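Novice: Quick one: structure below, then a few questions.
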Amino acid sequence: MYSFTNQFSGPTLRQRVGMINSQPSGPWAWWRYALWIVLMGGMILACQHKVREQVHIPGQALSKKTLAATSPTRALVVELEDKKTWYRHLALFQTKIGTEVVRSQPIILQLKDDRFLLPDDYKYESAIYIDGQEASVEALEKLSPEFVSELFIMHQWENMAYADNQAKPYQILIQTSPSPVVFNVYRKQFFTLLQAAALSKHPLGETFSFNMNQLLEATFFHNKNALVERTKDEHLRIYDEYKTTVEVFINNLPVTPADVKTVHVREVARLYTKERPYYEWFRADSPSPRFELHIETTPKRAKRDSSYYVFSPFYTGDF
């Protein structure tokens with residue numbers, strides 16, 4: 001009924017006795033501990049990994065990623081990259097393994113009627129060099145792609161401590177060839193991109209999203225990224241210039257551009273637009289529609305509903 005305890009009957013004493021009577025660890029146990037120590041050491045070394053910046057020191061061998069200054073144009077590229085404030089924004093050049101292409105938006109150089117075109121928005125912001133010599137916009141526009149061996153558009157990082165504020169932010173560097181250059185698949189894709197840039201501000205593709213208030217504002221200011229405009233009776237209508245190049249979905253169901261006219265502007269819960277990348281629509285064989293338009297609606301909003309308010313100064317209809 002009663003139990004008597006003393007200082008020798010606790011669990012600590014029993015555990016010690018059990019350890020004394022247990023079998024000693026065999027060789028496998030020591031190998032297990034050694035393996036555990038090796039694994040932990042490997043994890044510690046892995047956590048100490050550092051990213052090393054490759055810097056070209058004059059007189060030493062070039063790293064694989066450093067451009068060899070084998071032409072006046074390449075020499076200018078290397079000079080800019082050595083300043084650590086410039087990067088290759090757009091480029092077409094040769095490496096030991098073939099043709100390499102660099103692409104990023106905006107595409108500031110265009111191609112139209114087999115001639116280069118520099119948009120007005122970038123004429124003041126760009127310096128042009130042909131074969132290492134500064135050139136004019138007129139000289140650039142006389143060049144033909146088949147006589148361009150390499151092309152670099154360098155862009156200076158903004159707001160960097162060592163940025164050259166006196167330099168124009170874009171440097172267009174072109175190396176020409178005395179004879180026509182054979183077009184491989186990469187050169188074709190590169191110059192096709194420049195052709196598409198003459199037609200689109202977003203040749204690599206872009207998406208936009210609007211809620212109802214944002215759509216009211218977009219239609220008020222005729223923001224064509226929405227692909228639609230507002231009619232006098234407060235319904236939507238696709239811009240005429242997009243009717244033949246857009247694929248339309250209302251509540252995830254495919255419809256015709258004419259069906260968009262049935263949507264009242266305050267029915268719109270969400271509107272999404274997408275411009276597909278140029279290689280899907282700027283092609284001769286089976287091109288896809290250039291744009292997608294997705295409209296999600298809330299039909300109850302079409303009726304007067306005092307519980308819903310439009311927080312937009314761009315709507316004058318009756319709610």
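What follows is calculated from the coordinates using simple rules that are stated; it is not laboratory data. These numbers come from a predicted model, not from an experiment. Heads up, the Cβs are rebuilt from the backbone with ideal geometry, glycines too, and the neighbour counts pull from every protein chain shown.
Novice: Quick one: which of K84/K142; K123/K188; K123/K201; K112/K168; K274/K300; K84/K188 span more than 21 angstrom between C-alpha atoms?
Specialist: Where the Cα-Cα span goes over 21 Å, the pairs concerned are K84/K142; K123/K188; K112/K168; K274/K300; K84/K188.
Novice: Which FRET efficiency value, to the nearest 0.05, is calculated for Q133 and A161 with the Förster distance at 41 angstrom and r the Cβ-Cβ distance?
Specialist: After rounding, the FRET efficiency stands at 0.85.
Novice: Under the √(5λ) rule applied to the eigenvalues of the Cα gyration tensor, what semi-axes describe the equivalent ellipsoid of region 125-278? Give them in Å, descending.
Specialist: Here the semi-axes work out to 42, 21, 13 Å.
Novice: Let me ask something else about it. Figure the gain on full extension for R283 and K112 (residue separation times 0.36 nm, minus the Cα-Cα span) and round it to one decimal in nm.
Specialist: Taking 0.36 nm per residue and subtracting the Cα distance, the gain is 60.0 nm.
Novice: Hey, another quick one. Counting other beta carbons within 10 Å of each Cβ, put Y124, Y87 in order, fewest first.
Specialist: Y124, Y87
Novice: Let me ask you something else. Please give the contour-minus-distance gain from Y124 to T244: 0.36 nm per residue of separation, less the Cα-Cα distance, rounded to one decimal in nm.
Specialist: 39.7 nm
Novice: Label Y272 and N225 with points 7 Å out from Cα along Cα→Cβ: what is the distance between them in nm?
Specialist: Going by the 7 Å Cα→Cβ label model, 1.6 nm.
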